[in-house]
Amino acid sequence: MSAATQAAPVVLRSSARTLGKVIADPVAVSAMLTIAAFCFIALAAPSLIPYDPVAQSILHRGEAPSPTHWFGTDRYGRDTFSRVLLGTRWSLLLGLSAPLIAGTVGTTIGTLAGYFGGWFDRVTARVTDMLMAFPALLLGLMIAAGLGPGIGNLIGAVAVAFVPRFTRVARASTLAVRAEPYVEASIAAGQIPLRIIGKHVLPNISGALVVVGTLWIATAIRVEATLSFIGLGVQPPEPSWGNIIHDGLTNLLGSPWPVVAAGAMLTLCVLAFNLLGDALRDALDPAYRDQG
Amino acid sequence: MSAYIGKRLVDAFLTILLVLSLVFVAMRVLPGDPATSALGDLATEDQLAAFRAKMGLDAPLPVQYVVFLWQMLRFEFGRSFVSDETTLSMLATALPYTIELTIAAIIVGAMIGIPAGVVSATRRGRAADYAARGLSLIGFCIPEFYLAALMLIVFALKLDLFPIMGGGDAFPDRMYHLVLPALTLGLVMAAFTCRLTRSSMLEVLPRAFVRTAQAKGTTERRVVYHHALRNALIPVSTGFGIYILTMLSGSIPIELVFSRPGLGNVLVNAISARDYPVVQGCLALFTLFVVAVNFAMDIVYVLVDPRIRAAA
């Protein structure tokens with residue numbers, strides 16, 4: 001949460017140099033490889049899983065990990081390994097789609113507000129400040145609770161909760177770029193605002209937005225898991241990391257393995273996106289590296 | 001000062017209106033019929049109509065909106081569909097459990113996080129620093145409810161040191177039940193505090209007054225804790241409002257893991273039972289809580305730092 005808000009007005013200097021720095025950073029590279037592995041699992045899950053993730057078996061309930069069931073089985077005898085792999089899909093789907101939607105909407109609002117100023121900017125800034133008073137998890141939970149359970153509702157709720165975060169960064173970065181002489185020169189040369197935004201503003205604020213976006217993907221995955229855990233997200237028997245943990249908690253005495261396995265995947269995934277986000281921020285703005 | 005407070009009060013009121021409006025849109029305007037979701041798919045048309053009339057859902061949306069805001073602002077949340085208890089009394093019973101968990105977590109977090117941050121900053125680049133940073137990174141990434149589940153597995157199930165569920169009855173029992181949830185949430189909080197204390201200390205340590213204190217021959221311990229930490233804690237303490245709210249939202253899944261009878265559990269049960277009035281009441285209470293904490297922090301900032309008053 002706080003890590004993302006700190007990243008406010010970073011301006012992209014040279015994308016090639018930034019990329020070089022990120023690739024030279026072993027932590028960033030291992031984070032990227034981990035993310036690539038998760039993406040592969042999500043895409044290939046149906047052909048990777050050894051068992052039907054919803055097939056129950058009375059004979060194999062609550063088993064510990066074994067060569068036949070790598071992560072053991074849950075209270076219905078379902079294979080935890082298969083369920084955890086398939087759960088990756090929901091986490092990544094929501095983790096990527098909610099920030100993407102929020103990023104598109106938030107950047108549009110923030111850029112227009114920062115560029116044109118006036119009453120629209122004042123209203124945007126006020127509303128953004130008001131919504132930022134709420135932790136993202138709480139705001140997402142409140143909206144999701146209002147909408148009711150379901151994956152579509154969950155994506156919508158998390159996206160709405162994230163919009164102010166992107167709006168603020170886009171607006172602050174646009175204000176910084178707006179003051180640059182080359183923007184003034186473009187205005188003097190008679191270019192229309194939309195063209196200036198497309199040609200000068202967006203390319204210059206994209207670095208900051210990529211950093212914020214990466215960090216918010218990590219948060220989105222956490223929030224999705226938390227809300228699925230609470231019962232507002234992916235509905236059983238369809239597996240997601242959050243609802244596997246929820247289900248596993250009711251049978252902890254039988255077997256803790258579903259909880260442990262799903263949670264470990266979840267934490268690793270959040271960690272990878274956070275590390276990549278931090279590395280991107282360090283590469284774009286070396287001042288952060290000196291502090292950290 | 002009174003002008004400043006007045007301005008903040010208007011802000012607080014507008015925030016409540018804004019967020020309650022979002023909740024209203026989510027609950028009533030967007031597709032999805034509250035009557036069907038409350039009564040289930042098997043309800044007859046007559047039952048649905050009766051429900052809508054009882055809840056005022058048959059009125060035009062603008063009328064519903066005004067009535068909704070009016071009821072929420074006056075704390076008229078209605079009765080639970082499930083237990084017929086008033087929502088207000090359910091919230092009042094649950095609130096102390098959530099508050100004690102939040103406060104305990106903040107204390108645990110500060111007691112672990114601040115010293116860890118100091119050690120990490122003063123031994124920068126050494127093993128202790130890497131350990132503190134690594135642990136706080138994990139604390140920052142691990143979802144609260146997963147950490148809670150792990151604590152439950154290790155300390156309650158395997159080692160059998162703490163109770164598995166519930167909130168406890170008499171005072172000592174209640175504190176006993178609080179240990180694991182508070183430790184879980186406190187460790188998450190410690191991760192935040194450690195990061196913040198570390199970066200704040202690193203900014204303060206190279207300053208002239210620290211060097212002066214060292215030059216005067218003050219002991220290293222006194223320099224670090226008396227001179228540097230005092231100043232480094234200013235940015236840490238201003239983040240306090242954010243912590244309280246982060247801990248509040250973190251307490252919801254944690255209460256669920258430990259089956260504590262707090263607000264989180266009331267909300268989650270109400271969601272799964274489609275207990276409409278209780279869900280509304282919880283959301284209104286959360287809104288009020290967030291706004292109240294922010295308002296209080298705004299006032300505290302001014303008292304601590306008069307420069308903000310001048311700027312306002």
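The values are calculated or read from the model by the stated rules, or taken from the named source; none is laboratory data. Just so it is clear, the structure is predicted and the values come from calculations on it, not from any experiment. Please note: Cβ atoms are built from the backbone with ideal geometry, for glycine as well, and neighbour counts cover all protein chains shown.
Key figures for this structure:
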{"quantity": "Any hit, segment A:32-41, residues being touching a residue at least 24 places away in the same chain (Cβ under 8 Å) and more than 19 Å from the chain's Cα centre (by Cα)", "calculated": "no"}
{"quantity": "Residue among A:Gly152, A:Gly87 that alone is within 14 Å of chain B (Cβ to nearest Cβ), part of a helix (DSSP H, G or I), modelled with pLDDT under 90 and under 30 Å from A:Ile58 (Cα atoms)", "calculated": "A:Gly87"}
{"quantity": "Segment A:119-138 residues that are free of Cβ contacts under 8 Å to residues at least 60 places away in the same chain, paired with ones that are crowded, with 17+ Cβ neighbours inside 10 Å and of a type in the set (Phe, Trp, Tyr) (beta carbon under 8 Å, 6 or more apart)", "calculated": "A:Leu138/B:Phe286"}
{"quantity": "Check on A:Ala279, more than 27 Å from A:Leu147 (Cα to Cα), at the interface with another protein chain (Cβ under 10 Å from one of its Cβ atoms) and of a type in the set (Gly, Ala, Ser)", "calculated": "no"}
{"quantity": "Subset of segment B:40-60 [of a type outside the set (S, T, N, Q) and loosely packed, with under 11 Cβ neighbours inside 10 Å]", "calculated": "B:Gly40, B:Asp41, B:Leu42, B:Glu45, B:Asp46, B:Pro60"}
{"quantity": "Residue within segment B:129-151 that is within 11 Å of chain A (Cβ to nearest Cβ), touching a Pro at 6+ places or on another chain (Cβ under 6 Å) and within 29 Å of A:Trp241 (Cβ to Cβ) present", "calculated": "yes"}
{"quantity": "Where a residue in segment A:60-73 is in contact (Cβ under 8 Å) with a residue 12 or more places away in the chain and surrounded by 16 or more Cβ atoms within 10 Å (Cβ to Cβ) and its partner, wherever it lies, is assigned to a loop (DSSP other than H, G, I, E, B) and among the aromatic types (Phe, Trp, Tyr), with Cβ under 7 Å and at least six apart", "calculated": "A:Arg61/A:Tyr76; A:Pro65/A:Phe71"}
{"quantity": "So B:Leu263, is it of a type outside the set (Phe, Trp, Tyr) and facing chain A (nearest Cβ under 9 Å)", "calculated": "no"}
{"quantity": "Entirely in segment B:12-127, the helices (runs of 4 or more DSSP H) that have 3 or more residues that are in contact with a helix residue (DSSP H, G or I) (Cβ under 9 Å, 6 or more places away or on another chain) and more than 14 Å from chain A (Cβ to nearest Cβ)", "calculated": "B:45-55, B:61-73, B:87-122"}
{"quantity": "Residue within segment B:117-131 that is of a type in the set (Ser, Thr, Tyr) and either on the phi > 0 side of the Ramachandran plot or touching an Asp or Glu at 6+ places or on another chain (Cβ under 7 Å) (or both) present", "calculated": "yes"}
{"quantity": "Among the candidates A:Val123, A:Val158, residue that is surrounded by fewer than 24 Cβ atoms within 10 Å (Cβ to Cβ), modelled with pLDDT of 90 or more, in a helix (DSSP H, G or I) and hydrophobic (A, V, I, L, M, F, W, C)", "calculated": "A:Val123"}
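The rows are residues; the columns are (1) at pLDDT 90 or above; (2) more than 9 Å from chain A (Cβ to nearest Cβ); (3) surrounded by 24 or more Cβ atoms within 10 Å (Cβ to Cβ).
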residue: B:Asn231; (1), (2), (3): no, yes, no
residue: B:Pro235; (1), (2), (3): no, yes, no
residue: B:Phe240; (1), (2), (3): no, yes, no
residue: B:Glu255; (1), (2), (3): yes, yes, yes
residue: B:Asp275; (1), (2), (3): no, yes, no
residue: B:Val279; (1), (2), (3): no, no, yes
residue: B:Phe295; (1), (2), (3): no, yes, no
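To keep it simple, each residue is scored yes or no on (1) more than 11 Å from chain B (Cβ to nearest Cβ); (2) under 17 Å from the mean Cα position of the chain (by Cα).
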position	(1), (2)
A:Ala218	no, yes
A:Leu232	no, no
A:Ser240	yes, yes
A:Gly248	no, no
A:Pro256	no, no
A:Val260	no, no
A:Leu266	no, yes
A:Leu275	no, yes
